[in-house]
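In what follows, a structure is listed as structure tokens, so that the remarks can point back to it.
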Amino acid sequence: MTTTAVPDPDGYTLTGGKAWIACATTADVYCVIARTGEGAGPLGLSALLVPADTPGVRVEPVALTAPRPFAHLHFDGVRLPADALLGRAGGGFPIAMEVLDRFRMTVGAAALGFARRAADAALTHARRRRIYGGRLLDLATTRAALADVEVKLNAAALLVARAAWEADRDNGRYPRYSSAAKLYATEAAQEIVDTCVQLHGAAGLVSGSLPERLYRQIRSLRVYEGASEVQRAIIAGSLDVRRAEQSHDQYADVPEPLEDQRC
Ligand SMILES: Cc1cc2nc3c(=O)[nH]c(=O)nc-3n(C[C@H](O)[C@H](O)[C@H](O)COP(=O)(O)OP(=O)(O)OC[C@H]3O[C@@H](n4cnc5c(N)ncnc54)[C@H](O)[C@@H]3O)c2cc1C
């Protein structure tokens, strides 16, 4: 967070840059969190709306494994009016966190979409592919793989729906569910797409084929909007220790099993 927006009576001067920005080559307006200095650390950050055609804004497209409109943004003394401020001065950090909290479940939903596409392709291919005088679908290993895919799809869909439901209830507890949805759905989608490639055999590795394109598309979802490791850290930090202890202590008078009975 080294990008600065130095305030003056007419507005702000924005200097610095942002890396790996989604839709940066297509957006008309960027929301930029910059250091405005109202307080220390996160208390000194503000959210600013920056039209893409403002003088001093430079867009540097980045080519990823799967083509999408990503870019680095460079701000070279960009002049912004006072009303570019979104929310209050020094209030940018909660806005950034709220956006991340909400968007994580949507990344989970996107992963689910990729995974469903892969699952449909895998099942269709397994039915049509003739092998050993029968169908690929008739092999027990194929059926087991497709059963695992189905279970993962259902689990991911339910976690995404749970997160959206918690967000709609607006009780402030949804971020942990949003992280859980993002973590599980993106990891499961990666596995499902991999299964799709595997069941297609060599055909799934052909450049431009559906399995190959899904394989490249799905990978970045486990990194952006917070990598899987970061989601685990968030979930671990949100565990309800008080509820666990109360529940545990409720059964404190139940004798512990004898050592030799434990397994
Ligand atoms: C396709 C794409 C789109 C993006 N869009 C945007 C965007 O629109 N706006 C935006 O601001 N950013 C965007 N990003 C940036 C994205 O949020 C970061 O890439 C992501 O948070 C990981 O940060 P990093 O790349 O700096 O990797 P690093 O922070 O260097 O992390 C590298 C790896 O280290 C591990 N790691 C990192 N932190 C921890 C931790 N605390 N505990 C354990 N392990 C850890 C993880 O395995 C992680 O993948 C985008 C990135 C990509 C790839």
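The values are calculated or read from the model by the stated rules, or taken from the named source; none is laboratory data. Just so it is clear, the model here is predicted, and its values are computed rather than measured. Counting neighbours? That spans all protein chains shown, and the Cβs are built from the backbone with ideal geometry, glycine included. With ligands, DNA and RNA removed, areas are computed over all heavy atoms of the protein, side chains included. Shrake-Rupley method; radii C 1.70, N 1.55, O 1.52, S 1.80 Å.
Checking understanding here: applying a Kyte-Doolittle mean of at least 1.6 and a length along the axis of at least 27 Å (C-alpha), which whole DSSP H helices in the chain pass?
Membrane-span-like by this rule: not one helix.
Show log10 I(q)/I(0) for the chain at q = 0.08 Å⁻¹, two decimals, from a solvent-free Debye sum over equal Cα scatterers.
After summing over all Cα pairs, the log10 values are -0.49.
Accessible area per residue of the chain at 1.4 Å probe, in Å²?
Value returned for the chain: 58 Å² of accessible area per residue.
Between Arg116 and Tyr224, how many nm apart are label points set 7 Å from Cα along the C-beta direction?
Once both label points are built, they end up 2.1 nm from each other.
Can you bin every Cα-Cα distance in the stretch 4-89 into 5 Å intervals starting at zero and give me the percent of pairs per bin, rounded to whole numbers?
3, 15, 26, 23, 16, 10, 5, 2, 0
Rounded to a whole number, what % of the accessible area of the stretch 58-98 do carbon and sulfur atoms account for, probe 1.4 Å?
63
Could you please state how large a percent of the accessible area of the stretch 172-234 is carbon and sulfur, counting protein chains only and using a 1.4 Å probe?
Heavy-atom surface of the stretch 172-234 belonging to carbon and sulfur, 1.4 Å probe: 58 percent.
Only sites in a loop by DSSP and with at most 14 other Cβ atoms within 10 Å count here; which trypsin sites (Lys or Arg not before Pro) in the stretch 42-142 make the cut?
Those satisfying the criteria are Arg88.
If you restrict to DSSP beta bridges whose two residues both lie in the chain, what percentage is antiparallel, to the nearest 5?
The antiparallel proportion sits near 95 percent.
To the nearest 20 debye, what charge dipole does the stretch 124-183 have about its Cα centre, counting +1 at the Cβ of each Lys and Arg and -1 at the Cβ of each Asp and Glu?
320
Which value does Rg/Rh take for the stretch 52-149 over its C-alpha atoms, Rh per Kirkwood?
Looking at the stretch 52-149, the ratio lands at 1.27.
Semi-axes, largest first, in whole Å: what does sqrt of 5 times each Cα gyration tensor eigenvalue give for the stretch 65-219?
40, 21, 8
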